[in-house]
1. Residues with amide H under 5 Å of Leu105's amide H, sequence separation 5 or more or different chain, H placed in the peptide plane at 1.01 Å from N; which?
2. Pop out the ³J(HN,Hα) list for the range 50-61 in order, Karplus 6.51 cos²θ - 1.76 cosθ + 1.60 with θ = phi - 60°, rounded to Hz; leave Gly and Pro as x.
3. Which entries in the list Lys99/Lys137; Lys62/Lys124; Lys62/Lys137; Lys54/Lys107; Lys54/Lys148 go over 27 Å, if you measure between the two C-alpha atoms of each?
4. For the residue pair Ala49 and His74, what label-to-label distance in nm results when each label sits 7 Å from Cα along the Cα-to-beta-carbon direction?
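A short reminder: the numbers here are calculations on the coordinates, not readings from a lab. All figures in this text were calculated on a predicted structure; none of them were measured in a lab. Every residue, glycine among them, receives a Cβ derived from its backbone with ideal geometry; neighbour counts consider all protein chains shown.
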Amino acid sequence: MNRNRLSGCILIVVLAAINLGVAADNLIVPGVRCGTFILGRTTEREVAAMPKVKGLDFQFSKNGTLDSVVLTSHDYQADRGIGVGATEEEVVRIYGKGKTGNIDLVKGTITDGSPVVIGKVGDKVLFYPGIQFVFAKGRVWAIILVMK
């Protein structure tokens, strides 16, 4: 094989590896990104043009940029190795105690504009800067990526 052809083959392999690395990026960076979806930068139009990703739900700001991501997919992990299915003990060991609370499940509003609360999301939520862990039966059921 001549030298130019070998160089061309190596270049193709390197480019393919780079593309696989981007496609396989399933890292959650709190307050920043989920894979290639970047908070405050990725647009609703860009997400709509991509193939649907199971287990990811996107919320957008009024200006059309990504505001938050709700993840229920086991395919993604936070930068410290925590993912859906982790125990509360694992989350607290890795992230610290965090703020404990709940997220209201709302449907519509009443006449004064207040939301109608119809339940809670999960059993408990641990809040940290840029990331929230929703628990059901003692395990992470969803991860919510938010701006810091």
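1. Here the answer is Ile118, Gly119, Lys120, Val121, since their amide H atoms fall under 5 Å of that of Leu105.
2. Once θ is set to phi - 60°, the couplings for the range 50-61 become 8, x, 5, 10, 5, x, 10, 10, 9, 10, 10, 6 Hz.
3. Numbers: Lys99/Lys137 18 Å; Lys62/Lys124 29 Å; Lys62/Lys137 35 Å; Lys54/Lys107 24 Å; Lys54/Lys148 25 Å.
Where the Cα-Cα span goes over 27 Å, the pairs concerned are Lys62/Lys124; Lys62/Lys137.
4. Placing both labels 7 Å beyond Cα along the Cβ direction yields 3.4 nm.
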